[in-house]
Amino acid sequence: MSVSKLKYTTTALFLLVLIQYADAAAPPKPDLRSLLLFKSAADPDNAVLTSWNASTDPCTASWLGVTCLRSSVSRIILENLGLSGSLPPRSLSTLTQLRVLSLKQNHFSGQIPDLSSLTALKLLFLSHNRFSGPFPSSLTSLSGLYRLDLSYNTFSGSIPASLNGLTRLLTLRLDGNGFSGPLPGLVILNLHDFNVSGNGLAGRIPDSLSAYPPSSFANNRALCGPPLKNCASPNTTVSSSPTGMAAEIKPGDTQRGKFGSLAIIGIIIGDILVLGLVSMLLYCYFWRNYANELDSSPSGKSSDKMAYSSSPYPYPNPAQSCHEKGQIVFFEGARRFELEDLLRASAEMLGKGGLGTAYKAVLDDGNVVAVKRLKDLGATGKKEFEQQMEVLGKLKHPNLVELKAYYFAKDEKLLVYDYMPNGNLFWLLHGNRGPGRRPVDWATRLKIAAGAARGLAFIHNTCKSLRLVHGNIKSTNILIDGDGNARVSDTGLAALSGNPKPNGYRPSEASEGRKLRQKCDVYAFGVLLLELLTGKFPATVEGGASELPRWVQSVVREEWTAEVFDLELMRYKDIEEEMVGLLQIGLACAQASPEHRPKMGYVVKMIDELRRGTAEDSPVVSHVELASE
């Protein structure tokens, strides 16, 4: 073989190998083929989707309405563009990483193709088009859907009960269609935005849907039951008279109806007489006993001991001296009252924690305070206790629950605080989850995060020589005052307990017997931010509280950051950047290494920067309102 021929053969082989390698290395483009198939049906004249060019890559070129994630199409948003036609059967089926599809306010028609392969789909908006046919059965298999909007199309047939499989659904809009038949009993716990108005539905509204407003069911003439008009009784017999008027009682039933009415009246009168006789006997009996009690009391009033019996705080033994009983010590500016006033107050338990039990106490003059009855403090003596109280009593800040007074006796330690009427962050985030719950909006969460950060930063910086530590940061200790501001409570109490280990969200370096440090508070605050963002209570995560940051980090590493956020936050628009920003602050605070955690003063600055340009703070919903819904 000649040298020139050998060179030619070698070059040809090299080019062949290079081409094969390039073909093997080049990623397949099923997304490109699917998008071009979609374009051929929706915009055959190339009048709108001119940037959708077969010679370019949708993930590297600027294709109108297309967004990619890791070289795969993740969003298609083509709204109000005048697109029309029907969707080809396989035009979208290969977009397996598609998370958002919005085609609303166009002129698409025909049936929805099979979308069951789009397992990553989270948001589907197809409203204000001309889609027709029965409810698309493939949609009920998309268990990851958050929002489904098929409103204002021409769908018909029944609404399937298999929608119950969409357990993450926040929005279900089927209004303005031609659906008929009865409503299925949908039980989707997080469903907030629900509407089936303007259809041809009939029958009774299921109890599981009765909490939604009447507007959700309007313009369905044959629907009845709460929240609409009550349904007619199924036992009522309705007949038509010759004049066309409806009559409930037939002519032959007149005597039977008259007899029934007389019998009912007689029974009612008899019951009233018997009830009156029994009431008189009971009144005479109890009045006689009460008169005897008045006679036996020297002052003509019930004894103080009876009044104290309703108090959760044990009344000191009268045989003890005043010194043994102790006395209430008030701090400057606190409204003063006697120990007896506190013991006489009606009390309601607010919560029980590792350091003691908290009560709401209403004094005789109407003043309301919160009282914390501390558990056994181990070897803590009176002097050490009083010194700690003197330090805590001087801490005054708009984002701290102010200590007003304390009581120390051998077997009883009480702390008196301002009462916070709107409960705590734990209740706002986790209380009454289900239908009818009013969610905590993003502005409120961000406001609470900023307030709690300021309060904790004040504790850390108020007396640098003491390097004060909270030691018990958790959502139950972030209270909400009457103006919706976050107030940090239980400040410094962990240092008084026999076990100095932090009782809140614990970092890995916290161990029994080690001195509490401010970086432990920073870690706990980071976990608090993650709880506020994810809606997950840290103690429920497998492996304990410290597992929540690890779980969030693992999700973020996979670039599925949106998966970590609370479903209740998905209903709000244009907050993704702020949520990711707060998430980064939380992860920075919850770093495994204490040296890598920021100081609380810097955390305050970062959160304040996030809040600039956000909507005006919204009022915090009170725990009473949440419980009553």
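The values are calculated or read from the model by the stated rules, or taken from the named source; none is laboratory data. The structure displayed is predicted, hence computed values, not measured ones. Cβ placement follows ideal geometry from the backbone for every residue including glycine, while neighbour counts extend to all protein chains displayed.
For this structure, a couple of remarks:
- Search result, residues across region 459-468 that are at negative phi and touching a residue at least 40 places away in the same chain (Cβ under 8 Å): ILE459, HIS460, ASN461, THR462, CYS463, LEU466, LEU468
- Meets criteria (aliphatic (A, V, I, L, M), at negative phi, more than 20 Å from the chain's Cα centre (by Cα) and part of a loop (DSSP other than H, G, I, E, B)) for LEU456: no
- Inspection of region 473-496 finds no residue satisfying the criterion of being in contact with a Lys or Arg (Cβ under 7 Å, 6 or more places away or on another chain), in a loop (DSSP other than H, G, I, E, B) and of a type in the set (Val, Ile, Thr).
- Considering the conditions (1) over 27 Å from the mean Cα position of the chain (by Cα); (2) at negative phi, ASN219 is excluded by exactly one of them, (2).
- Subset of region 338-378 [charged (D, E, K, R) and under 16 Å from ALA405 (Cα atoms)]: GLU338, GLU340, ASP341, LYS360, LYS372, ARG373
- Test: residue in region 140-156 that is modelled with pLDDT of 90 or more and within 16 Å of PHE38 (Cα to Cα): no
- Tally, over region 137-177, of residues that are among the hydrophobic types (A, V, I, L, M, F, W, C), within 13 Å of PHE125 (Cα to Cα) and out of contact with any strand residue (DSSP E or B) (no Cβ under 8 Å at 6 or more places or on another chain): 0
- Lone unmet requirement of (1) at pLDDT 90 or above; (2) of a type outside the set (A, V, I, L, M); (3) more than 23 Å from ARG168 (Cβ to Cβ); (4) not in a loop (DSSP other than H, G, I, E, B) for GLU595: (1)
- When each of LEU139, LEU92, LEU87 is tested for being assigned by TED's automatic domain parsing to the domain that holds LEU172 and in contact with a Pro (Cβ under 6 Å, 6 or more places away or on another chain), the lone residue that passes is LEU87.
- Exactly one residue out of LEU186, LEU172, LEU163, LEU148 is in the same structural domain as VAL66 (by TED's automatic domain parsing), among the hydrophobic types (A, V, I, L, M, F, W, C) and in a loop (DSSP other than H, G, I, E, B): that is LEU186.
- Members of region 339-354 that are over 27 Å from the mean Cα position of the chain (by Cα) and under 23 Å from LEU425 (Cα atoms): ALA347
- Matching option when the condition is in the same structural domain as GLY65 (by TED's automatic domain parsing), basic (Lys, Arg) and surrounded by fewer than 19 Cβ atoms within 10 Å (Cβ to Cβ), among ARG99, ARG130: ARG130
- Residue within region 354-374 that is more than 17 Å from ASP418 (Cα to Cα) and among the charged types (D, E, K, R) present: no
- Of everything in region 376-401 that is among the charged types (D, E, K, R) and either within 18 Å of ILE328 (Cα to Cα) or modelled with pLDDT of 90 or more (or both), the residue that is nearest to the chain's Cα centre (by Cα) is LYS396.
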